[in-house]
Amino acid sequence: GWITVYGTKVDYPLVQGKSNLTYINTDPTGTYALSGSIFLDYRNSRNFDDFNSIIFGHHMAESAMFGDLSNFSDSTYFDSHRYGNLYYSGADHGIDFFAFINADAYDDYIYTPAVAGDTEGQQAYLDYIASTAANYRQIDVQPGDQIVVLSTCSSDATNGRELLIGKVTDEVYSNSYETT
């Protein structure tokens, strides 16, 4: 697949390995790369039909990889950078970002991919996002939808993580930052 966060430098191929270590320091072609790749949690469906899909990327200098995610901690930036695009299964899909969270790498709750199909568990996950978000936008997201959790390291804490969370939609949003 391919992931783009409009108005940022996040515009990369998306890969998935047999474990979450496969692409930590490997580029999409299998070559060693310190920056690794942007990758989908190995436990998620590659068709994004899970309720929550977790996507990892290194927080690199000069906005490389997921280096721009920290910008979403600023409420003005968060408010003005709402959309992205996710290409998979031969089609583009929109992403409507609705939350930014500062989390701990060992938060097993947020880092549980493919939350079970029951609506109570999925609603509890959405409630947890809303209650812990540093920035949050009210959108129509509910159990049964598909969401993506973009995760990168934070420089603020040893085990700190920055998470940008969005709803995957069939509507493909225009990129108002794109210049011709």
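Relative contact order (percent) for region 51-180, with alpha-carbon contacts under 8 angstrom and 6 or more residues of separation?
Values: 238 pairs, mean separation 48.4, N = 130.
Relative contact order of region 51-180: 37 percent.
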Practice task
Calculate one ³J(HN,Hα) per residue across region 151-158 by plugging θ = phi - 60° into the Karplus curve 6.51 cos²θ - 1.76 cosθ + 1.60, and present them in order as whole Hz with x for glycine and proline.
Solution key: 10, 8, 6, 10, 7, 6, 8, 3
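Rounded, prolate or oblate: which fits region 139-180, taking a ≥ b ≥ c as square roots of the Cα gyration tensor eigenvalues, rounded meaning a/c under 1.5, else prolate when a/b beats b/c?
oblate
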Problem - Accessible-area ranking of Y42, Y106, largest first, probe 1.4 Å - result: Y106, Y42
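Kindly state, as a whole number, the per residue volume in cubic angstrom of the convex hull around the alpha carbon atoms of region 50-180.
On the way: hull volume 15.5 nm³, N = 131.
Hull volume over Cα atoms, normalised by residue count, gives 119 Å³.
Do you know the relative contact order of region 1-110, to the nearest whole percent, from alpha carbon pairs under 8 angstrom that are 6+ apart?
Averaging sequence separation for qualifying contacts and normalising by length gives 24 percent for region 1-110.
Give me D for region 1-104 in µm² s⁻¹, whole number, from Stokes-Einstein with Rh from the Kirkwood sum over alpha-carbon pairs, 4 °C and 1.567 mPa s. Kindly include the intermediate steps, with their values, before the conclusion.
Values: Rh = 14.3 Å.
My calculation gives 90 µm²/s for D.
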Fill in the blank from the handout: In the chain, taking the dipole from +1 charges on Lys and Arg beta carbons and -1 charges on Asp and Glu beta carbons about the Cα centre, the listed residue (L126, V172, N44) farthest towards the positive end is N44
Exercise for the section: Go through region 165-171 residue by residue and turn each phi into a ³J(HN,Hα) via Karplus (6.51, -1.76, 1.60, θ = phi - 60°); whole Hz please, and just put x for glycine and proline. Expected result: 10, x, 8, 7, 10, 7, 6
Practice task
Take the chain, connect every pair of alpha-carbon atoms lying under 10 Å apart with a spring to form a Gaussian network, then pick out the residue of S63, S89, S73 with the largest mean-square fluctuation.
Solution key: S89
Handout entry: region 73-121: projected area of the alpha-carbon convex hull, averaged over directions, in nm²
Key = 5.2
Problem - Using θ = phi - 60° and Karplus 6.51 cos²θ - 1.76 cosθ + 1.60, couplings along region 122-127 (whole Hz; Gly, Pro as x) - result: 5, 5, 4, 5, 5, 5
Handout entry: V10 long-range amide H proximity, modeled H, under 5 Å
Key = V5
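Counting only protein heavy atoms, what percent of the accessible surface of region 18-72 is carbon or sulfur at a 1.4 Å probe? It would help to have the intermediate numbers written out before the result.
Values: 1390 of 2670 Å².
So the carbon and sulfur contribution to the accessible surface is 52 percent.
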Fill in the blank from the handout: One point scatterer per Cα, no solvent, Debye formula: log10 I(q)/I(0) for region 102-176 at q = 0.16, 0.23 Å⁻¹ comes out as -0.64, -1.18
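On average, how much accessible surface per residue is there in the chain, in Å², for a 1.4 Å probe, leaving out ligands, DNA and RNA? Display every interim value, and only then the final one.
Working: 8810 Å² over 180 residues.
On a per-residue basis, 49 Å².
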Practice task
Summarise the accessible area of region 78-157 (1.4 Å probe, protein heavy atoms) by the percent that is carbon and sulfur.
Solution key: 45
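Counting DSSP beta bridges in region 1-158, what percent are antiparallel, to the nearest 5?
Working: 19 of 26 bridges.
Restricted to region 1-158, the bridges split so that about 75 percent are antiparallel.
The values are calculated or read from the model by the stated rules, or taken from the named source; none is laboratory data. Every value quoted in this text rests on a predicted model; they were computed, and no experiment measured them. FYI the Cβ positions are ideal-geometry reconstructions off the backbone, even for glycines, and counts take in every protein chain you see. For accessibility, only protein heavy atoms count, side chains too; no ligands or nucleic acids. Shrake-Rupley method; radii C 1.70, N 1.55, O 1.52, S 1.80 Å.
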